[in-house]
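Here's the structure, in structure tokens; my notes come after.
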Amino acid sequence: MEWNKLTDHFTMHNKITIPCIGYGTYKTSEEEVYDAVISAVKAGYRHIDTAAFYRNEAGIGRAIRECGVPREELFITSKVWNTDRGYEKTKKAFADSMERLGLAYLDLYLIHWPANKKQFGDEAKKINAETWKALEELYEEGKIRAIGLSNFLPHHIEELMETASVKPMVDQIEFHPGWAQLEASEYCKKNGIVVEAWSPLGRKDALENEVLRGIGEKYGKGTAQVCIRWIMQHGILPLPKTVNPGRMAENADVFDFELTAEEMETIDGLKDLGGQCALPDEVDF
Ligand code: A2P
């Protein structure tokens, strides 16, 4: 594995770099997120992942401005929510996110979920194309350093590429033991798209698993560290969420052990460990 510390990075196809472990903030409230982000930056995280849907952008922005680390050493991601898809609404949603964050530019902006056929029928393709067009323009204008997708499966990406002029730099998908989306992640990697893992601990459901515990014991590591290491050895960028400074340090202490090929395969094969296990073509939000 080519990463040895939190500031090591993946390189996106437009040559912009992205720190190799991101700090997740889903379900961290606006009230607690300021202290959480300050602690995460103190613990060495330089990559913060949020979304309009998380309703915590204002606290994150304040923490970024006040944490003492220069803005250009931090990497900030946000996402356009489903109710704001479409060209005009996406432009407005981006402006609203930037106002809440209080930042001059964003590092990465993602379409949070693809519009799917179940909800939108034949319109889905057009909605995704127009949302993407708004992101492309914001990128070309220099307001965002990289643009990408979240929860897009290979067929959604193929469809988007029929009209896209900029190839997505990132796809952020659910990925944890019990939900190893290897087909989607391999497709992205083959096409030069960096894969990020949301819910890398399966919303902590995976942490009770005996197989993961046994593997961790061999290295003196906890189950969360095994999950994160397994993701990174797949060449995927994990986004663990915790508001607890001790667990922030634990989730970043994953650079001094290596899972064997056999352990990787064992974890790949685990089933039903919890987490959301969302199917992007089936969701109705
Ligand atoms: P908390 O914020 O109280 O630490 P995921 O990133 O897969 O969505 O998982 C997030 C959940 O896992 C949160 O409930 C978080 O709780 C918990 N969590 C994060 N890191 C650890 C850890 N190292 N050990 C135990 N629980 C953790």
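Brief remarks on what is shown
- In order through segment 243-257: 3J(HN,Hα) via Karplus (6.51 cos²θ - 1.76 cosθ + 1.60), integer Hz, x for Gly, Pro: 9, 9, x, x, 6, 4, 5, 4, 5, 9, 9, 10, 9, 10, 8
- A simple rule links phi to the HN-Hα coupling: the Karplus curve 6.51 cos²θ - 1.76 cosθ + 1.60 with θ = phi - 60°, which for segment 43-53 gives 6, x, 5, 10, 10, 10, 10, 9, 6, 4, 4 Hz, with x for Gly and Pro.
- Sequence-separation-based contact order of segment 48-93, relative, with Cα cut under 8 Å and 6+ spacing, percent: 48
- Partner aspartates and glutamates whose Cα lies under 12 Å from the Cα of Lys89, excluding those fewer than 8 positions away in the same chain, are identified as Glu130.
- Net charge dipole, the chain: roughly 600 debye, given to the nearest 20, about the Cα centre with Cβ charges of +1 for Lys and Arg and -1 for Asp and Glu.
- For the chain, the residue among Ala197, Ile127, Gly142 whose Cα projects farthest onto the positive side of the dipole built from Cβ charges is Gly142.
- Lys, Arg +1 and Asp, Glu -1 on Cβ, resulting dipole of segment 1-93 about Cα centre, debye, nearest 20: 300
- Lys143 long-range amide H proximity, modeled H, under 5 Å: none
- Of Lys117/Lys241; Lys27/Lys204; Lys79/Lys241; Lys92/Lys190; Lys133/Lys167, pairs whose Cα-Cα distance is over 22 Å: Lys117/Lys241; Lys92/Lys190
- Its Cα gyration tensor gives the chain an equivalent ellipsoid, and the semi-axes of that ellipsoid, as √(5λ) in whole Å with the largest first, are 29, 23, 17.
- Set of aspartates and glutamates near Lys126 by C-alpha distance (under 16 Å), chain-local residues within fewer than 8 positions excluded: Asp84, Glu88, Glu136, Glu158, Glu159, Glu162, Asp281
Bear in mind that the values in this text are calculations on the coordinates, not laboratory data. The structure presented is a predicted model; accordingly, all values stated were derived computationally and were not measured. Reconstructed Cβ throughout: ideal geometry from the backbone, glycine too, with neighbour counts over all protein chains shown.
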